[in-house]
Amino acid sequence: MNQTAAFHRRIDEALRNDQLRQNFRSALSGIQSRREAQFPDDAQLQALREQSRQVRANALIKQPELLEQLEEKLLANGIRVHWAETPEQANATIHGLLKAAHARLVVKGKSMVSEETGLNHYLEQRGIEVVESDLGEFIIQLAGEAPSHIVAPAIHKNRREVAELLHKHYPEIPYTEDIDQLTQSARQILREKFAQADAGISGVNFMVAETGTLCLVENEGNGRLSTTTPRLHIAITGIEKVVEKLSDVPPLLEILTKSATGQAITTYFNMISRPRQPDELDGPEAVHLVLLDNGRSRIRVDEELLDTLRCIRCGSCINYCPVYVQLGGHAYGTVYPGPIGIALEPQRIGLDQVGSLTSACTLCGACGQVCPVEIPLPRLINRLRAEAVDARRTTSSLIGRGSLRKPNEAGLWKLWRLLYSHPRLYRLFSFAATRLRRLTPRRLGGWTDYRSAPMPARQSLRELAREEGFPHA
Amino acid sequence: MRESRESILRRLRANRPQAAAAPPVYRHSTGWNRERRIGEFTERMQAVRGEVHRLGRGQWVDWINREMPTRGLHRALVGSSAIGRRFAAGAAKEIELNRYDRTIESWKAQLFHDIDFGITGSLAGLAESGSLVLWPDAEEPRLLSLVPPLHIVLLEAERLFENFAQLIDVQRWTDGMPTNALLISGPSKTADIEQTLAYGIHGPKALITLILE
């Protein structure tokens, strides 16, 4: 099955699942209003967005120097840095570190980059138990599913589904659909894992080059526990997450938490600059950072597409997307769903693999309006759509350019251009189309799957205008 | 590994996007006076179920001695800091005193199971976001503020700043970051089930700030 057919099948499955759509609708409507409540003054919001955009754009411009500075500072602080070009390299590096430390049980904080690399599967195949400790990630790990949202990974499940899942895996815990009690059950289960874990793996929200600091944003405390309790901490993140200065952090932190979940700030903002020092009593004895490229340096080559890398993974573009709310995250079939997924994944993986994602967009513009770092998502998506059917043979940083081009479709657009740029031909065409309207085909490709075929009017607008006596008609 | 590093950096150096202006330094001052800062902090903290009390400087040991037993909480954990020593000296007989004075590996199970509340100081507070700022160290280790189900934090009123940007600037954090710096803004929480807020997932279920004046 080609990518477009596979995508359409996933869309059909998602649209047939009323429970799923209900779960998404009710969860997302609340997030939008909470976000808006955090930004009562639009002028202040726009100033903060502009500043956040500049912080991220500045960091991307200076990226190679900042990464070197970051590495130097981290090394001086005692944190080891590992570079990985591919997911396989990142996974192998992490596995090597765990093996050297004889780690059997790993607790994980939330990390979308580790989803990119398929880290859990890789480690489990090699005999290491990996426990996701973020509540949402824990739930979908039990279900054997991938996150359906980058901030709220289990957003597609309702309380009954969570209750049944927990009961299936932990039958000794009394069945309940009460969210507070479900939360307490998860706390008890995971506390034991924290107490026993040999290593902790986490993501990173921002890396500060100036001071050599890894910043983690979270509400639950599982990120702190994963990075503090075991003897070994391994952080994994993308090379684009670096910022220049410590003073760049407050605006990003503020706009991230307000945009992502509508909170003035999250419960914990955790800044890690070194492993446990000789006189200290806890914290990991060794801290490692794995920096993953996985296509990011290629994206940076294009002056326009580079904007994609400003993303701070707040998920607000997803929360406001009218297509996502209907489909949910799994239908996209990629690690990152929603508008940012549509913009990022074809660049990362290739238009020839996932370029059809670009069709899952109405170009309504909502994502571009809420993006905290002003990524022009609709423009990027439109650009990728064009690139996916582009026939030019010029060089491009994009993989699979032109791969979705269809001869029939391209021929039709050529015909359209011809008609619309030659008035006589156009008049002849509209005369023929109105007079022969009964011959209009009843089936017009995908359009008539859900709609009736349009039929031209008896007369063209131009003819009607002339009859009414409009000048120049 | 070395090769990956070189090829990633080579690709990044090969392309230099157009230079943009350096970002302006983020700083906005609210001009709030001390009373206003305390009010804002308290309001934000209470909005996320954080408990806040204002006490005289010498009252906090008695407050804890009086309050904790009424809540059925007896097993206290303190560090070897001045705050820890002071509480140890004045703890009531109903309080079972535990000291965080050895490496975590030697008593992890006890820390996770046999402690009701931990007591720490704080480096600062942030009025705008309702945050406590901690720099854990050898005397007040990192897990002291994280593993016990209740965390009691002492905050000296004059250490209440407007916001994070102001704090970093005034205290010159760039001169040297600690092993771990934390902003704590309420008890542990999650909204991962149906986007419904639930408190007390992995970190402390309750957070009490004692503002000392």
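Among the residues of the range B:100-129 satisfying the criterion of being among the small types (Gly, Ala, Ser) and at the interface with chain A (Cβ under 8 Å from one of its Cβ atoms), which is nearest to the chain's Cα centre (by Cα)?
Among them, the one singled out is B:SER129.
Can you tell me which of A:GLU88, A:GLU132, A:GLU65 is of a type in the set (Asp, Glu) and surrounded by 19 or more Cβ atoms within 10 Å (Cβ to Cβ)?
The unique qualifying residue is A:GLU132.
Quick check: is even one residue across the range B:43-63 within 20 Å of the chain's Cα centre (by Cα), part of a helix (DSSP H, G or I) and facing another protein chain (nearest Cβ under 8 Å)?
Yes, because at least one residue in the range B:43-63 is within 20 Å of the chain's Cα centre (by Cα), part of a helix (DSSP H, G or I) and facing another protein chain (nearest Cβ under 8 Å).
Just the residues that are outside any helix (DSSP H, G or I) and of a type in the set (Val, Ile, Thr), please, taken from the range B:88-121.
B:ILE95, B:THR103, B:ILE115, B:ILE119, B:THR120
Give me the helices (runs of 4 or more DSSP H) completely within the range A:11-123, filtered to those with at least 3 residues that are closer than 30 Å to B:GLU128 by Cα and touching a residue at least 40 places away in the same chain (Cβ under 8 Å), ordered by residue number.
Result: A:18-38, A:42-61.
Would you check which residues across the range A:191-210 are within 11 Å of chain B (Cβ to nearest Cβ) and surrounded by fewer than 23 Cβ atoms within 10 Å (Cβ to Cβ) and list them?
Within the range A:191-210, A:ARG191, A:GLU192, A:LYS193, A:ALA195, A:GLN196, A:GLU210 qualify.
How many residues are at negative phi and part of a loop (DSSP other than H, G, I, E, B) when one looks only at the range B:183-200?
8
Among the strands (runs of 3 or more DSSP E) lying completely within the range A:211-320, list those that include at least 2 residues that are surrounded by fewer than 24 Cβ atoms within 10 Å (Cβ to Cβ) and in contact with a His (Cβ under 8 Å, 6 or more places away or on another chain).
Filter on the range A:211-320 gives A:286-292.
If you take the residues of the range A:422-473 that are among the basic types (Lys, Arg) and either touching a strand residue (DSSP E or B) at 6+ places or on another chain (Cβ under 9 Å) or part of a loop (DSSP other than H, G, I, E, B) (or both), which of them is nearest to A:ILE11 (Cα to Cα)?
A:ARG451
For A:ASN58, indicate whether it is within 28 Å of B:ALA165 (Cα to Cα), within 9 Å of another protein chain (Cβ to nearest Cβ), of a type in the set (S, T, N, Q) and more than 25 Å from the chain's Cα centre (by Cα).
In short, no.
Rundown of residues vs (1) under 16 Å from the mean Cα position of the chain (by Cα); (2) at the interface with chain A (Cβ under 10 Å from one of its Cβ atoms); (3) modelled with pLDDT of 95 or more; (4) in a loop (DSSP other than H, G, I, E, B), yes/no style:
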| residue | (1), (2), (3), (4) |
| --- | --- |
| B:VAL153 | yes, no, yes, no |
| B:ASP169 | no, yes, no, no |
| B:THR174 | no, yes, yes, no |
| B:ALA181 | yes, yes, yes, no |
| B:HIS202 | yes, yes, yes, yes |
| B:LEU207 | yes, yes, yes, no |
| B:ILE211 | yes, no, yes, no |
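Under 6 Å by Cβ, and 6 or more places apart or on different chains, what pairs join a residue from the range B:123-144 that is basic (Lys, Arg) with one that is assigned to a helix (DSSP H, G or I)?
Partner pairs satisfying both residue conditions: B:ARG142/A:THR228.
The values are calculated or read from the model by the stated rules, or taken from the named source; none is laboratory data. Owing to the predicted nature of the structure, the values given are computational and were not obtained by experimental measurement. Methodologically, a virtual Cβ is constructed for each residue, glycine included, from the backbone with ideal geometry; neighbour enumeration extends over all protein chains shown.
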